[in-house]
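Okay, so here's the structure we're looking at.
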Amino acid sequence: MEIYRTSEGFEAFIDGKSAGYIVLDIGGDEVRANGSSHSITRMGKSAAPAGYDDVVTIPSTVTVPELRGRGVGSALVKAAVDFAESEGLAVHPVCPFVVSWLEKHPEVTVRVV
């Protein structure tokens with residue numbers, strides 16, 4: 001599996017085919033995935049909690065249905081968390097999968113808000 005940074009977050013590939021993606025809001029604009037497509041709608045509102053400028057909000061993680069259970073979602077969350085840590089950002093998990101992943105990985109030291 002290969003993970004690449006995109007303008008919207010990160011995308012995973014298996015055997016050269018897209019396996020899923022994770023959306024990151026770094027600039028304060030709320031972002032929302034439209035169904036299962038890769039298109040992003042910018043809503044023009046802050047998605048981060050009030051008073052937090054150094055936060056990456058994670059509203060969505062999407063895995064191609066036939067590839068679920070192969071660790072794609074976990075790899076994407078790990079990439080997003082590692083990115084946040086390297087940039088000195090806290091994580092605001094909105095996506096239920098991300099919340100669950102963080103609860104299952106207490107060794108992760110990223111600040112969660």
Give all pairs with beta carbons closer than 6 Å in which a residue from region 1-23 that is touching a residue at least 12 places away in the same chain (Cβ under 8 Å) meets a residue that is charged (D, E, K, R) and surrounded by 15 or more Cβ atoms within 10 Å (Cβ to Cβ); count only pairs at least 6 apart in sequence or on separate chains. Y21/E11; V23/E8
Going by the structure shown, is G73 loosely packed, with under 15 Cβ neighbours inside 10 Å, small (G, A, S) and at pLDDT 90 or above? no
Only one of (1) in contact with a His (Cβ under 9 Å, 6 or more places away or on another chain); (2) among the β-branched types (V, I, T); (3) touching a residue at least 24 places away in the same chain (Cβ under 8 Å) does not apply to V112, and that is (3)
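The values are calculated or read from the model by the stated rules, or taken from the named source; none is laboratory data. What you are looking at is a predicted structure, and each value in this text was computed from that prediction instead of being measured. Methodologically, a virtual Cβ is constructed for each residue, glycine included, from the backbone with ideal geometry; neighbour enumeration extends over all protein chains shown.
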